[in-house]
Amino acid sequence: MQPTTNTPRILIIDDEEVVIDSCTQILKGSGYLVATAMDGTIGLRSVQDFHPDLVFVDLKMPGISGFEVLEKIQEIDATIVSIVITGFATIGSAVDAMKKGAYDFLPKPFTPDEFRMITRRGLERRKLVLETISLRREKELLREQFASIVSHELKAPLSAVQQNLFSLEYELSNALNEEQKEKIERVKVRIDELLKLINSWLRVISVDINKLKDGFKQIPITQPLSSALESMKPFAARKNIEITTAIADDLHPVTGDSISLSEVFVNIIGNAIKYSPENTRVLVKIEETKDSIRVSVKDSGIGISNDDLPHIFDGFYRGKSGQAMAGHGIGLAVSRQITEAHNGSITVESVLGKGTTFVVCLPYEKTGP
Amino acid sequence: MTKKLMMIDDDPDFVAGIKSILDTAGFEVDVAYNPKDGMKALETKQYDLLLLDIMMGRGAEGIMIARKLRKDAKLRELPVLIITGMREQIAFLFPGEPVHPRFVDVDELVEKPIEPRLLLEKVNSLIQTAEARKAGKK
């Protein structure tokens, strides 16, 4: 008979009949489903068929060892909680077992109360593990749903409005006087700002740090940097800003995601251009310290006041001091998220009226001599 | 000769904004508001270019259409310009990066809304490229 899914299932793997019998006896009448196995091989088969919530594993068994059983259980289903049963002489190995993923250990001999207690704790643990997973899934789902609502319900109508305005302006291009053209331009700019705002919200929602880490590779830092420099070129040219680079030779590769790192550089180089006066220079420098790659972007722009400095990475922060800061304060927040996912840091130094320097540090792995 | 364009998009207001630009510029534009009608039109009449939305109906049905076209012996050569509002989710782009249709085999991808100048530029160049390709084969 297929038991109901809500009844906790416990599997006991031990080669001593006495242990199996007494454990089964203790759990009788407590409402659990109990299965037993006399060795590791049968035990593992049982893990797959019986789908236990909690497994007791004897460390010392003939055939495959308790350690191996533990590892295999983890492979089959990492959410299963394992508890190691061990003789006093092997408490050292019980600690090793916990390092391999066992949740706890129970030294022999044990009293029925001790066994009941550790069973309850093990099952609590299992419940917690499952709840955490479903919460995480729920959060993920909410994020996706929100993103899709935002894009569909807000972006789509705004796009349609803007598109019709574009067509109106195009068709009337010869009939409009300067004042009318200005009006249309004003509407266009405001709608464009709204669309950009929605896009940056979507951006924050869709940065998933855990997913990002899955795609990490060894890359030269120059790869994301050059792609960022390339895409920022037209913006710099518009203000006649010269971007000079100083890149050290023989840089270590960093472990990371090129596209998102490039986004970080786009953000800080973009800021440097945005807040610099025309005909100035932005200096991009890459150096290597003893444990990290250090990328700095220095401008001679308007600078950031001491009041604002501590907040600029917070997201949705646009400056207290009333500077004309375009944008939504999201770029730097996203940049910090990305940099921290790379175990790196992003810092800023600034003097109001003199300029700002952003520094991104990314650790590299030391290999070879 | 007047170029014939097909547009498939489920947002009539957006379609109106695109169509009138193209009409004014001298194109002949047919419209379908769902993938089914769109495919039917593509199979019965010959077009020089398809303007295609991504998110229609229950999901990314525009991508389905694009894939179907690329497998179709007759419609394989039809240039496809994707016009979508879903850039972040489908193309995984970031600010400052030129738009690439890397997620599906189409000729170009632009984001809604699109400026008339850019729209006409894309449409004209895609048609020209397709014609040059055809001429080269003959």
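Quick notes on this one:
- Summed over the stretch B:105-129, residues that are farther than 25 Å from A:Leu165 by Cβ and open to solvent by 50 Å² or more (accessible area, probe 1.4 Å) total 4.
- Residues (in a loop (DSSP other than H, G, I, E, B), within 15 Å of B:Val80 (Cα to Cα) and within 14 Å of chain A (Cβ to nearest Cβ)) located in the stretch B:42-58: B:Asp53, B:Ile54
- Scanning the stretch A:170-197 for residues that are assigned to a helix (DSSP H, G or I) and either open to solvent by 50 Å² or more (accessible area, probe 1.4 Å) or within 9 Å of chain B (Cβ to nearest Cβ) (or both) yields a count of 19.
- A single entry from B:Ala16, B:Ala41, B:Ala32 fulfils the requirement of being among the small types (Gly, Ala, Ser) and either at positive phi or open to solvent by 30 Å² or more (accessible area, probe 1.4 Å) (or both): B:Ala16.
- Pairs where the first residue, in the stretch B:3-22, is at the interface with chain A (Cβ under 7 Å from one of its Cβ atoms) and under 11 Å from A:Leu165 (Cα atoms) and the second is basic (Lys, Arg) and buried (at least 20 other Cβ atoms within 10 Å of the Cβ), C-beta under 8 Å, 6+ apart: B:Phe14/B:Lys112
- Complete set of residues in the stretch A:263-308 that are within 14 Å of another protein chain (Cβ to nearest Cβ) and either more than 17 Å from A:Gly353 (Cα to Cα) or assigned to a loop (DSSP other than H, G, I, E, B) (or both): A:Glu263, A:Val264, A:Phe265, A:Val266, A:Asn267, A:Ile268, A:Ile269, A:Gly270
- Any hit, the stretch A:223-231, residues being within 10 Å of another protein chain (Cβ to nearest Cβ) and under 30 Å from A:Glu140 (Cα atoms): yes
So that you can scan it fast, the table gives a plain yes or no per residue for (1) touching a residue at least 12 places away in the same chain (Cβ under 8 Å); (2) more than 30 Å from B:Ile18 (Cβ to Cβ); (3) of a type outside the set (A, V, I, L, M, F, W, C):
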position	(1), (2), (3)
A:Leu123	yes, yes, no
A:Glu138	no, yes, yes
A:Leu142	no, yes, no
A:Gln163	no, no, yes
A:Lys183	no, no, yes
A:Val187	yes, no, no
A:Asp192	yes, no, yes
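- For the stretch A:98-105, the criterion of being hydroxyl-bearing (Ser, Thr, Tyr) and within 14 Å of chain B (Cβ to nearest Cβ) is satisfied by no residue at all.
- Criterion applied to A:Ser260, A:Ser206, A:Ser167, A:Ser200 was being facing another protein chain (nearest Cβ under 9 Å) and at pLDDT 95 or above, and the one residue passing it is A:Ser167.
- Within the stretch A:231-251, residues that are modelled with pLDDT of 90 or more have Cβ atoms under 8 Å from residues that are polar (S, T, N, Q) and open to solvent by less than 70 Å² (accessible area, probe 1.4 Å) in these pairs: A:Lys239/A:Ser276; A:Ile241/A:Ser276; A:Ile241/A:Thr280; A:Glu242/A:Thr280; A:Ile247/A:Thr222; A:Leu251/A:Thr222, counting only partners at least 6 apart in sequence or on another chain.
- Qualifying residue in the stretch A:234-257 (condition: open to solvent by 30 Å² or more (accessible area, probe 1.4 Å), within 11 Å of chain B (Cβ to nearest Cβ), out of contact with any strand residue (DSSP E or B) (no Cβ under 8 Å at 6 or more places or on another chain) and closer than 26 Å to A:Lys354 by Cβ): yes
- Residue in the stretch A:67-84 that is small (Gly, Ala, Ser), more than 30 Å from A:Leu202 (Cα to Cα), assigned to a loop (DSSP other than H, G, I, E, B) and open to solvent by 50 Å² or more (accessible area, probe 1.4 Å) present: yes
- Each residue in the stretch A:258-293 was checked for being acidic (Asp, Glu) and buried (at least 21 other Cβ atoms within 10 Å of the Cβ), and 1 of them qualify.
- Selection status of A:Ile219, at pLDDT below 90 and surrounded by fewer than 23 Cβ atoms within 10 Å (Cβ to Cβ): no
- Hits in the stretch A:85-114 - residues which are surrounded by 15 or more Cβ atoms within 10 Å (Cβ to Cβ) and of a type in the set (S, T, N, Q): A:Thr86, A:Thr90, A:Ser93
- Looking across the stretch A:26-48, just one residue is among the polar types (S, T, N, Q) and in contact (Cβ under 8 Å) with a residue 60 or more places away in the chain, and that is A:Ser30.
Yes or no, residue by residue, for (1) at pLDDT below 90; (2) open to solvent by 20 Å² or more (accessible area, probe 1.4 Å); (3) more than 17 Å from A:Ile85 (Cβ to Cβ):
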site	(1), (2), (3)
A:Glu17	no, yes, no
A:Asp21	no, yes, no
A:Lys28	yes, yes, yes
A:Thr41	no, yes, yes
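- Hits in the stretch A:310-369 - residues which are among the hydroxyl-bearing types (Ser, Thr, Tyr), assigned to a loop (DSSP other than H, G, I, E, B) and modelled with pLDDT of 60 or more: A:Tyr364, A:Thr367
- Screening the candidates A:Val282, A:Val264 for the property of being in contact (Cβ under 8 Å) with a residue 40 or more places away in the chain and within 30 Å of A:Glu140 (Cβ to Cβ) yields one hit, A:Val264.
The values are calculated or read from the model by the stated rules, or taken from the named source; none is laboratory data. Computed from a prediction, not measured in an experiment: that's the story for all the values here. Virtual Cβ from ideal backbone geometry, glycine too; neighbours counted across all protein chains shown. All accessible areas refer to the heavy atoms of the entire protein, side chains included, with ligands and DNA or RNA removed. Shrake-Rupley method; radii C 1.70, N 1.55, O 1.52, S 1.80 Å.
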